[in-house]
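What follows is a set of notes on a single structure, which appears directly below.
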Amino acid sequence: MTSPVSPEMTVSELMARVPRELGLRLIAGEAGLERKITIPRIQKLGLALAGFVHYVHPGRVQIIGQSEIQFLQQLDPARRRQAIENLPLKDISCVLVTKGLIPPAEFLDIAEREGIPVLVSTLVSSQAILKLTEFLQRQLAPRQWVHGVMVELFGVGVILLGESGLGKSECALDLVLRGHRLVADDIIEVRAVASDRLIGFAPERVRQHIEIRGLGILNLRDIFGIAAIAEEAPVDLAIEFERWDHTKEYDRLGMTDESVEWLGVRVPLLRIPVSAGRNLTTLVEVAVRMHLLKTQGVDAQRELIRRHDELVRQARPPGPVEGHPRSAPSAESAAPLTSQR
């Protein structure tokens, strides 16, 4: 497992990857296409144009909509240029103009001079902000790389962990034969797209491939078709294979709750001892079904123990409870029979 990293992207990368619905086109500042975008949240330039320039945060995409353009147009040319010059021009990654509008000539002149890319989208501000924020949150999400195999079963993303040679890839291949999907083999890119949500990806260079000792590297899409591959999946469960140790006491009731933490998000963890004759594929499938039941409030182990405890209470014979005041003998009953004659 590697240390978390905070990615960034250039404006040129943004234009190449952004969803087509935004319909971006560059109208000024081509020299600044290598400026960095580091924060997924979008910011509107209205307050900064009105003089509150300290509100501009470096690394964000700045939005100009109809209200900002109307504000600039009502200023005389000198005040308009001054309002634009007062912006922290070095801190602006790029400017996105919405609704297909064109900013005043002064704005475009300064952007061209300073190398600030000015992009235009046909969408209105609310739609452009929504789609661009969703895109940037995924692209700029904190991420780290985890060594393991990731599969998707019944809509649940599962990361298989454990030392090399325990059969993680073979288990994943067997799961694909049962109709499930491979996300990544050997290395998984985990991104935190929200404070409590992780998504796993395969690095692009090894996507669709799996290594099986004795067979080599297989392209599962070529062998089984597109249905055998998932480009991404939520990280819902981790299962760690460990070599069976006869000296170790294993949890036989399933009452131990463990978890593993990636990027500040805790993920439920199950440990499965590996020994000859154990069907790991079936165990993983059942583990995922158990996980789904637990998310719906059904916990077979705890329900069995609750019923057992209830039967024990019902079978306990009635009688005085030790320590209860009524369990102590009275003075009369404690006196010898001769004293009562």
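The values are calculated or read from the model by the stated rules, or taken from the named source; none is laboratory data. On a predicted model such as this, the values are computed, not experimentally measured, just so you know. Cβ sites come from the backbone with ideal geometry, for glycine too, and all protein chains shown count toward neighbours. Surface accessibility is based on the protein's heavy atoms, side chains included, excluding ligands, DNA and RNA. Shrake-Rupley method; radii C 1.70, N 1.55, O 1.52, S 1.80 Å.
Out of the total accessible area of the chain (probe 1.4 Å, heavy atoms of protein only), what percent is carbon and sulfur? Walk me through the intermediate numbers first.
Numbers: 10150 of 19460 Å².
Whole-percent figure for carbon plus sulfur exposure: 52.
Give me the distance between the Cα centres of segment 1-49 and segment 281-305, rounded to whole Å.
Here the answer is 43 Å between Cα centres.
In Å³ and rounded to a whole number, note down the convex hull volume per residue for the Cα atoms of segment 1-56. Numbers along the way, then the final one.
On the way: hull volume 8.3 nm³, N = 56.
Convex hull of Cα atoms, per residue: 148 Å³.
If I stretch the segment between Met15 and Gln70 completely, what's the gain in nm (0.36 nm per residue apart, minus their alpha carbon distance), one decimal?
Roughly 17.2 nm would be gained on extension.
Assigning unit charges at the beta carbon (Lys, Arg +1; Asp, Glu -1) and nothing else, what dipole magnitude in debye, to the nearest 20, does the chain show about its Cα centre?
Here the size comes out at about 660 debye.
If you fit an axis through the alpha-carbon atoms of helix 105-114 and take the longest principal axis of the Cα set of the chain, what angle between them do you get, 0 to 90°, nearest 10?
70
Beyond a 20 Å Cα-Cα separation, which of these cross-linked pairs lie in this structure: Lys90/Lys131; Lys44/Lys131; Lys44/Lys99; Lys99/Lys131?
Values: Lys90/Lys131 26 Å; Lys44/Lys131 15 Å; Lys44/Lys99 14 Å; Lys99/Lys131 14 Å.
Too far apart for the 20 Å limit: Lys90/Lys131.
Among Ile305, Thr247, His147, flag the residue with its Cα farthest along the positive direction of the charge dipole of the chain, charges on Cβ as +1 for Lys/Arg and -1 for Asp/Glu.
Of the candidates, Ile305 comes out farthest on the positive side.
Loop-only chymotrypsin sites (Phe, Trp or Tyr not before Pro) in segment 211-318, please: DSSP not H, G, I, E or B, and at most 13 other Cβ atoms within 10 Å.
Trp244, Tyr250
For segment 45-76, which chymotrypsin sites (Phe, Trp or Tyr not before Pro) pass both filters: DSSP loop (anything but H, G, I, E, B) and at most 16 other C-beta atoms within 10 Å?
Phe52
With a 1.4 Å probe and all protein chains left in place, how much accessible area per residue does the chain have, in Å²?
57
Quick check for me: using +1 on Lys/Arg Cβ and -1 on Asp/Glu Cβ, what's the dipole size of segment 146-234 about its Cα centre, in debye to the nearest 20?
About 100 debye.
Which residues make up the longest stretch of the chain that has no GluC sites (Glu not before Pro) in a DSSP loop with at most 16 other Cβ atoms within 10 Å? Each step should come with its number before you reach the end.
Values: sites that count: Glu8, Glu34, Glu163, Glu231, Glu249, Glu322.
My reading of the result: 35-162 is the longest stretch.
Based on Cα positions only, what radius of gyration and what Dmax would you give for segment 156-293, in angstroms?
Here Rg and the maximum Cα pair distance are 15.1, 44 Å.
Starting from segment 252-302, pick out the trypsin sites (Lys or Arg not before Pro) whose DSSP state is loop and whose Cβ has at most 16 other Cβ atoms within 10 Å. Please report the intermediate quantities before stating the final value.
Details: sites: Arg252, Arg266, Arg271, Arg278, Arg289, Lys294, Arg302; in loops: Arg252, Arg278.
The qualifying sites are Arg252, Arg278.
Which listed residue (Ala276, Ser6, His291) has the Cα farthest towards the positive end of the charge dipole for the chain, taking +1 on Lys and Arg C-beta and -1 on Asp and Glu C-beta about the Cα centre?
Most positive-ward Cα: His291.
How big is the dipole moment of segment 20-85 about its Cα centre under a simple scheme where the beta carbon of each Lys and Arg is +1, that of each Asp and Glu is -1, and everything else is neutral? Debye, nearest 20, please.
It comes to approximately 140 debye.
Taking the 0 to 90 degree range and rounding to the nearest ten, how far is the long axis of helix 300-315 tilted relative to the main principal axis of the chain, both from C-alpha atoms?
For helix 300-315, the angle is close to 30 degrees.
Between Ile188, Ile39, Ile305, find the one with the highest GNM mean-square fluctuation for the chain; connect C-alpha pairs within less than 10 Å.
Among Ile188, Ile39, Ile305, the largest GNM mean-square fluctuation belongs to Ile305.
Which net charge results for the neighbourhood of Thr10, defined as the other residues with beta-carbon distances under 10 angstrom from its beta-carbon, given Lys and Arg at +1 and Asp and Glu at -1?
Net local charge, Thr10 excluded: -1.
Apply the a/c threshold of 1.5 to the C-alpha gyration tensor of the chain and tell me whether it is rounded, prolate or oblate. List each step's numbers first, then the result.
On the way: a/c = 3.98, a/b = 1.85, b/c = 2.15.
Cα axes put the chain in the oblate bin.
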